[in-house]
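Each value in this text was obtained by applying a stated rule to the coordinates, not by laboratory testing. Computed from a predicted structure; not experimentally measured. In this analysis, Cβ positions are derived from the backbone assuming ideal geometry, glycine residues included, and neighbour counts consider all displayed protein chains.
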Amino acid sequence: MAIDPNNASHILIATRSGTRGVASNGGGAVTAPGPATGVYESTDGGATFTLTRSGTAFEVKFDPSHAGVAYATLGGVGLIRSTTGGTTWETIFSGTRGRCSFSPVTLGNGNTRVYLSDANAGSTGSQAYRVDDAGQPAATLTASSNAAWTRLSNPVDGTPGYASYGYRDGQCTLRHGHRLSREPAEHGRRSRA
């Protein structure tokens, strides 16, 4: 859930199906019935909500320094952005993996940097990425298989920079001392392998 820092009556919620008796990241259980999943928006403090983007939504956050901008992750879609406060959405990181997580931070130049990780269940390695200007046009950010994004991790197990495996499973195992840390606004520091 994200509450608009400029308007406490404006709320966004990311929803996905749960399963009875098992976390939604697990498998093999019966999915509980419920309303459509995705990103919901309320402009009346939570009295009512409207589905603005359907899908399996994992996270939603407002941009830390740009009013009216929000981000959400959708399984099988990637990272989406709204420049209308959550009413309409566009993809800014295209991905087919089942789960994404992200963190937007403000840089000293006023741009929004986004850190993103994505993975599938079942022993596949997760990947970590970053973009230093999330305000670029969506077509620029997704062109040539997300070429505007910098990959911070190595996809080969047992090599320096390998992030993790089992990210969507019950436990996440970090490998080879890989760290992904939040950077001070004016000091660019790379993740260390």
Label-point separation in nm, Thr88 to Leu51, each point 7 Å along Cα→Cβ: 2.0
If amide H atoms are modeled at 1.01 Å from N in the peptide plane, then the residues at a separation of 5 or more from Thr56, or on another chain, having amide H under 5 Å from its own are Gly75
Mind checking the full-extension length gain between Arg16 and Ala139? Use 0.36 nm per residue of separation minus the Cα-Cα distance, one decimal, nm. 41.6 nm
Please report the net charge: other residues with Cβ closer than 14 Å to the Cβ of Thr50, K and R +1, D and E -1. -1
